[in-house]
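A quick write-up on the structure given underneath.
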Ligand code: GDP
């Protein structure tokens, strides 16, 4: 499961976002620097297609896609992130960067710049400095180790290139690295290499950001306060309120979609009477490997799979309704799973 860290400057609404996403109270307060501990919880995205498919099959249980979210605390003094938090940040698969775009006279701005791009620069700088520290140490070690060699090792060249990028204010994620470089980076867990989704937290009245974000990538404009209020309602009340506010898609669902895009992930489904479930895989995964997510025996003994898109599955009224239909395809080992595929894996034990 993907682990996503919610980060941002103090009082920008991180805990409010966390609460809205996980329905857990995470010390929301208008006093500055209120967050002191690392909170974590699952965010579960109710996918209406899976609900519908499960209904057709009378599933006893539904397991929706989940992400694990972390509300990462801040240090009242500089630097913004404490050593503890940095260690946690390194374990994350990606970040949701919260940027404050709401006014509110009751919430102190402190040292937080009112421009979202300036907030972003501050956070970027923290991440760059942290990565530089790691890379400079690595560089020292590699220089020592390679003294006797006539040619600079490839690793040192990668480190030099990365340091140059960071020193000129760039993030490593914006460069195309080859597989050798990426595998070298893996152990270093560099923060500017991790994918980011930007959450602009706007005014409740008129969810519309004032300033355009200078960064490329997935941007979500939301009101964390509204989302938090909506997360406390039951689902029919929530749907009515969403229509009223014109925010049909929940923050959790748009965040999950954006994170999946940034991390190159997709979902496929298994649907049956016992359980209907979403499985997460990287794009371009072949079906034997994807079925290994469900059970390792399925990967080892993979024979073939029956595959149908979830919209066709619902329209065709499930497995029974689709019996003998050409909509159900028989796919072999080379098939690359698509987002929304419903599968039955045939395998030998
Ligand atoms: P954190 O320090 O980044 O975790 O910020 P919090 O989530 O604790 O929020 C700080 C304060 O800002 C709280 O009083 C929240 O109620 C308030 N706040 C958060 N999001 C919004 C918003 O979208 N609109 C308004 N008006 N207030 C918000």
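The set of residues in segment 47-63 that are at pLDDT 90 or above, in contact with a strand residue (DSSP E or B) (Cβ under 9 Å, 6 or more places away or on another chain) and outside any helix (DSSP H, G or I) comprises 57, 59, 60, 61, 62, 63.
Looking at 291, 254, can you tell me which residue is within 16 Å of the ligand (Cβ to nearest atom) and touching a residue at least 12 places away in the same chain (Cβ under 8 Å)? One residue alone meets the criteria, 254. For the condition within 21 Å of residue 90 (Cβ to Cβ) and either within 22 Å of the chain's Cα centre (by Cα) or buried (at least 17 other Cβ atoms within 10 Å of the Cβ) (or both), residue 166 qualifies.
Which ranges mark the strands (runs of 3 or more DSSP E) fully within segment 278-349 that have 1 or more residues being crowded, with 20+ Cβ neighbours inside 10 Å and in contact with a helix residue (DSSP H, G or I) (Cβ under 8 Å, 6 or more places away or on another chain)?
Passing ranges, in order: 302-309, 341-347.
Quick check: anything in segment 210-217 out of contact with any strand residue (DSSP E or B) (no Cβ under 6 Å at 6 or more places or on another chain), within 16 Å of the ligand (Cβ to nearest atom) and under 16 Å from residue 19 (Cβ atoms)? No. Looking only at residues in segment 1-25 that are more than 9 Å from the ligand (Cβ to nearest atom) and in a loop (DSSP other than H, G, I, E, B), the one that is nearest to the chain's Cα centre (by Cα) is 2.
A residue that is part of a loop (DSSP other than H, G, I, E, B), at pLDDT 90 or above, crowded, with 17+ Cβ neighbours inside 10 Å and in contact with a strand residue (DSSP E or B) (Cβ under 9 Å, 6 or more places away or on another chain) occurs nowhere in segment 176-193.
Only a single criterion out of (1) within 16 Å of the ligand (Cβ to nearest atom); (2) out of contact with any strand residue (DSSP E or B) (no Cβ under 6 Å at 6 or more places or on another chain); (3) under 23 Å from residue 170 (Cα atoms); (4) touching a residue at least 40 places away in the same chain (Cβ under 8 Å) is not satisfied by residue 106, namely (3). Checking the structure you have, find out if any residue of segment 223-234 is more than 23 Å from the chain's Cα centre (by Cα) and away from the ligand (no atom under 16 Å from the Cβ). Yes, there is a match, as at least one residue in segment 223-234 is more than 23 Å from the chain's Cα centre (by Cα) and away from the ligand (no atom under 16 Å from the Cβ).
Report yes if some residue within segment 202-217 is outside any loop (DSSP other than H, G, I, E, B) and either closer than 30 Å to residue 244 by Cα or without any contact (Cβ under 8 Å) to a residue 40 or more places away in the chain (or both); otherwise report no. No, there is no match, as no residue in segment 202-217 is outside any loop (DSSP other than H, G, I, E, B) and either closer than 30 Å to residue 244 by Cα or without any contact (Cβ under 8 Å) to a residue 40 or more places away in the chain (or both). Of all residues in segment 262-286, those that are at positive phi have Cβ atoms under 9 Å from Cβ atoms of residues that are surrounded by 18 or more Cβ atoms within 10 Å (Cβ to Cβ) and at pLDDT below 95, 6 or more apart or on another chain, in 264/195.
The values are calculated or read from the model by the stated rules, or taken from the named source; none is laboratory data. All values derive from a computational prediction rather than experimental measurement. Methodologically, a virtual Cβ is constructed for each residue, glycine included, from the backbone with ideal geometry; neighbour enumeration extends over all protein chains shown.
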